[in-house]
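Below is one structure, written out as structure tokens, with a few remarks after it.
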Amino acid sequence: MGPISRVTVSFCAPLLASLLLSAELQAQKRGDFEVGLGLYERGLWEEAARNFERYLESGKGGEDRSTEAWYRLASCRKKLGKTRSARKAFARVLSGNARFRYRIETRYQLGRLHQEARELAEATLQFERLIDEAGDRHYLTAPASYALGECRRDLDKKPAALQAFQKAYQLKPKGELALASLYQSGFLLMDAGKPELAARAFGRAAKDFPKDALAQECRYLEGRAFDKLARPEDALEAYRLVTARPSKRQAQAQLGMARALQSLGRAGEAQKPLEDALKVCEDETVKLLILEELGYLLLDAGHEKESARRFSQALALHPKGEQSARLHFGRGEARSDAKQYEEALVDQTKALNSSRKEGLQGDALYAKLHLLHLLGRYEESLTQARVFLKSYPRHRLLALATFAQAENLFVLRRYDEAAKVYAGIQGEARPQAEHKLAWCFWLQEKHSLAAKAFARLAEDKKLATDLREDALAMEALAHLELGEASQALARADLYKLRYPEGRWVARCERVASRALQKQGRFDAAAKRLATALALTQGAAADEDELGMADLLQKQGDFEKASHYYQKHVKAPGPIGFRALEG
């Protein structure tokens with residue numbers, strides 16, 4: 001080959017310089033990437049990030065290496081807490097090489113960053129795409145499913161969240177992720193109204209991971225699920241397993257045990273776990289619940305003073321709102337049972353004023369009007385009964401409040417008004433109302449109506465025995481007042497046959513005696529009155545002795561009659577005048 005011409009040399013020189021510069025730049029770019037990678041592997045995130053940024057700024061790298069540089073840069077920024085720029089870098093990775101080897105990891109990291117920023121819709125999108133692209137065998141599919149469940153749960157897409165948590169458990173049935181997935185699934189199942197499935201999830205978690213700190217929590221939640229299912233035996237066993245070793249749920253589990261025991265009809269065993277719970281409980285909120293439960297337990301057992309003391313302990317912790325109202329109501333009930341009516345009235349007034357729930361308000365108002373009645377403050381009780389009827393027309397105690405209204409009217413001797421109220425009462429209070437309605441007729445001297453009403457009650461097999469007994473005695477008396485001697489005698493005889501040792505034997509013997517007198521059968525009348533006299537003391541006995549004197553006088557036995565009259569001539573009032581007259 002001949003010598004190179006000057007023209008050739010002058011033409012090639014710039015090209016050669018350009019090639020040399022290009023080679024130098026390529027070497028520099030390779031150096032930034034490789035140096036950045038080395039710094040990255042040593043955990044020098046800031047220095048590594050600068051090298052990757054320089055490499056990418058050159059804009060000359062290949063697609064694969066540039067995509068990885070963006071991935072490494074995004075990871076560095078995440079480590080440095082620069083989450084916004086990290087998200088942008090991870091998004092740039094996904095816009096690059098679709099076959100990038102860390103593409104799945106990129107989606108997971110980007111999804112997590114969106115989730116931490118509470119950008120839940122964006123996070124959900126990344127996790128869903130990851131699961132579609134990776135398939136079930138990829139090591140990140142299970143964590144992504146769990147994270148997807150969290151996002152959907154927080155977006156209130158609970159059925160979809162449950163599916164994601166269950167998928168996470170199916171893919172990783174062992175380890176921390178499995179426990180967490182079961183735990184979250186249990187909550188969502190409870191929320192979905194499926195306590196049976198929730199109990200299985202919590203129970204499996206506790207059984208499969210017995211040494212994990214979360215196991216006791218799951219066992220406690222299993223007990224709560226059994227409570228929802230009204231399966232107290234299973235709940236009791238779950239709570240017992242919780243209390244087998246110390247945990248933060250110890251006191252709550254003992255409270256659960258006590259409630260389960262009561263549901264099983266074993267209230268006598270329920271006090272001990274509650275007392276034990278108080279010894280270990282450090283949470284004031286839980287302590288209030290325990291004291292409330294203990295107070296009602298003691299109240300039901302008839303220990304009203306100890307019950308009131310426990311309610312007082314709880315109130316000393318200054319509960320708020322509805323809990324305060326419930327505790328005042330409970331203490332009011334205990335004090336009422338202890339016949340501390342004034343103190344009970346104060347508690348029920350506080351319960352009424354502090355509650356915002358109609359059920360408890362109605363309970364407290366009814367207790368209040370009942371206490372006013374017991375204290376003899378009948379007008380006030382009547383007023384409160386009418387407030388109840390107006391304010392709580394659908395309350396479960398409506399019939400009793402109506403009955404209380406009538407009772408106050410009755411004791412105030414407003415019998416006509418009382419009768420109208422008694423006549424309209426239905427439900428459980430109906431039998432008592434009918435009995436008092438008959439008495440209203442009697443006290444208004446409507447003897448015909450009274451006789452019919454008492455007759456109906458006397459034969460009502462559904463009525464309490466004591467009310468039937470009273471009705472039969474009063475029916476006999478009503479017939480006597482109506483001048484129906486034969487009917488009066490027949491009902492008095494029936495009373496003696498049915499209730500030979502009854503409460504109203506003396507009354508019915510007097511009725512029989514007077515009926516026999518109307519028939520002119522004085523000997524028989526005297527015998528029946530003698531029976532009444534033998535059973536009677538006090539003023540009633542005085543009346544019976546004067547009645548016996550009248551009978552003896554009618555029979556012509558003036559000596560014996562005089563003897564009875566003489567015994568009472570010095571008595572004050574009508575008895576003395578009647579004796580003198582005899």
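How do the peptides 252-264, 447-459 rank, highest first, by the average count of neighbouring beta carbon atoms within 10 Å per residue?
Ranked by mean Cβ neighbours within 10 Å, highest first: 252-264, 447-459.
What is the Cα centroid distance between the stretch 121-137 and the stretch 197-255, reported in whole angstrom?
34
Quick check: pseudo-label points 7 Å beyond the Cα along Cα→Cβ at Glu445 and Tyr102, how many nm apart are they?
Rounded to a tenth, the inter-label distance reads 10.8 nm.
Set the Förster radius R0 to 25 Å, insert the Cβ-Cβ distance between Asp136 and Lys157 as r into 1/(1 + (r/R0)^6), and round the FRET efficiency to 0.05.
0.70
Once neighbouring chains are kept in place and the probe is 1.4 Å, which whole percent of the accessible area of the chain is contributed by carbon and sulfur?
Summing carbon and sulfur atoms, their accessible area is 51 percent of the total for the chain.
Once phi is turned into θ = phi - 60°, what whole-Hz ³J(HN,Hα) does the Karplus curve with 6.51, -1.76 and 1.60 give for every residue of the stretch 401-408, x standing for Gly and Pro?
5, 5, 4, 4, 4, 5, 5, 5
Give me the distance between the Cα centres of the stretch 424-479 and the stretch 37-116, rounded to whole Å.
Centre-to-centre distance over Cα atoms comes out at 92 Å.
Any chance you could run the full-extension gain for Ser95 through Glu46? It's 0.36 nm times the residue separation minus the Cα-Cα distance, nm to one decimal.
15.2 nm
Can you compute the modelled spin-label distance between Asp460 and Glu196, with each label point 7 Å from Cα toward Cβ, in nm?
Each label point lies 7 Å from its Cα, and together they span 4.4 nm.
Pull out a ≥ b ≥ c, the square roots of the eigenvalues of the alpha-carbon gyration tensor of the stretch 83-140, then state rounded if a/c is under 1.5, prolate if not and a/b is larger than b/c, and oblate in the remaining case.
Oblate is the answer for the stretch 83-140, as a/c is 1.5 or above yet b/c matches or exceeds a/b.
Any of Lys462/Lys496; Lys368/Lys496; Lys207/Lys272; Lys172/Lys194; Lys446/Lys496 with alpha carbons more than 32 Å apart? Name them for me.
Lys368/Lys496, as the Cα separations exceed 32 Å there.
What is the gain in length, in nm to one decimal, between Ala267 and Glu176 on full extension, counting 0.36 nm per residue of separation less the C-alpha to C-alpha distance?
The span from Ala267 to Glu176 would gain 28.8 nm if fully extended.
With r as the distance between the Cβ atoms of Glu34 and Arg129 and R0 = 35 Å, compute the FRET efficiency 1/(1 + (r/R0)^6) and round to 0.05.
That pair, Arg129 with Glu34, gives E of 0.65.
Each label point is 7 Å from the Cα along the Cα-to-Cβ direction; what then is the distance between the points at Gln426 and Thr285, in nm?
4.3
Compute the FRET efficiency between Lys554 and Asp300 as 1/(1 + (r/R0)^6), taking r as their Cβ-Cβ distance and R0 = 60 Å, and round to the nearest 0.05.
0.50
Please compute the contact order of the chain in relative form: average sequence separation of alpha-carbon pairs under 8 Å and at least six residues apart, divided by the residue count, as a percent.
Result for the chain is 3 percent.
Return the sequence-ordered ³J(HN,Hα) values of the stretch 111-127 in whole Hz as given by the Karplus equation 6.51 cos²θ - 1.76 cosθ + 1.60 applied to θ = phi - 60°, using x for Gly and Pro.
x, 5, 5, 4, 5, 5, 7, 6, 8, 6, 5, 5, 5, 4, 4, 5, 5
I'd like the accessible area for Ile104: 1.4 Å probe, protein heavy atoms, all chains in place, Å² to the nearest 10.
Probe radius 1.4 Å; accessible area of Ile104 about 20 Å².
HN-Hα J couplings of the stretch 194-201 from phi, Karplus 6.51/-1.76/1.60, θ = phi - 60°, integer Hz, Gly and Pro as x?
Per residue, the Karplus-derived 3J(HN,Hα) values read 10, x, 4, 5, 5, 4, 5, 5 Hz.
For Arg386 and Arg414 in the same chain, what is the full-extension length gain: residue separation times 0.36 nm, less their Cα-Cα distance, in nm?
8.5 nm
The values are calculated or read from the model by the stated rules, or taken from the named source; none is laboratory data. Since the structure is predicted, the reported quantities are computational estimates derived from the model, not experimental observations. When we count neighbours, we look across all protein chains shown, and the Cβ atoms used for this are built from the backbone with ideal geometry, even at glycine. With ligands, DNA and RNA removed, areas are computed over all heavy atoms of the protein, side chains included. Shrake-Rupley method; radii C 1.70, N 1.55, O 1.52, S 1.80 Å.
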